[in-house]
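Data first, discussion second: the structure below is written as structure tokens.
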Amino acid sequence: EPLPYVPLQAWREGVWFDNTARYEAGRLADPKAVAAAAIPVERSDARWLLIGSRRDEVWASGAMVSRLANRLRQAGKGGRVTLLVHDHAGHQVCGSGLSPTYVWSEPSSDPRVKDLGAEGAAAVQSWRAMKAFLARAL
């Protein structure tokens, strides 16, 4: 059976800078789809480590993990949530932190583009947060 989803807006050159804006536009355009596609995280008793970034060019990870954390807090489960949102990093914020960010991108002064130094630091911070989270949760 098909799962509910939020339709992604069609790519139009000059309209979208990256996929993040497209995801958010789709959410704004179809609140009913957003409600139908929402995973009921509030029913979970799991511990959560949520990692995202504000300049993720692939999907709106920073906004999405922040919304999940807010929903869990509203359900009285805020103590089970560790939220880590990197303001200036892009999509590559998970892993071991050992992969050089400059291999995948070129530096840019555009404020919408990830800061490569911040992305490398975010990957290291996320790796440490994952290890600490697993040490506490397991």
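Listed values, structure above:
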read-out	value
Subset tally (residues that are assigned to a helix (DSSP H, G or I) and either in contact (Cβ under 8 Å) with a residue 24 or more places away in the chain or touching a strand residue (DSSP E or B) at 6+ places or on another chain (Cβ under 7 Å) (or both)) for segment 28-50	6
Neighbours by Cβ (under 9 Å, 6+ apart or cross-chain): first from segment 3-20, at positive phi; second part of a loop (DSSP other than H, G, I, E, B)	none
Residues satisfying the stated conditions in segment 6-44, i.e. within 30 Å of L134 (Cα to Cα), loosely packed, with under 14 Cβ neighbours inside 10 Å and modelled with pLDDT under 95	I39
Residue in segment 77-95 that is assigned to a helix (DSSP H, G or I) and surrounded by 17 or more Cβ atoms within 10 Å (Cβ to Cβ) present	no
Residue satisfying all of: in segment 65-76; more than 18 Å from M130 (Cα to Cα) and in contact with a strand residue (DSSP E or B) (Cβ under 8 Å, 6 or more places away or on another chain); least open to solvent (accessible area, probe 1.4 Å) among these	L72
Residue check, R71 touching an Asp or Glu at 6+ places or on another chain (Cβ under 8 Å) and not β-branched (V, I, T)	yes
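The values are calculated or read from the model by the stated rules, or taken from the named source; none is laboratory data. Just so you know, these numbers come straight off a predicted model, no measurement behind them. Glycine gets a Cβ as well: all are built from the backbone with ideal geometry, and neighbour counts include every protein chain shown. Calculation scope for accessible area: heavy atoms of the full protein, side chains included, ligands and nucleic acids excluded. Shrake-Rupley method; radii C 1.70, N 1.55, O 1.52, S 1.80 Å.
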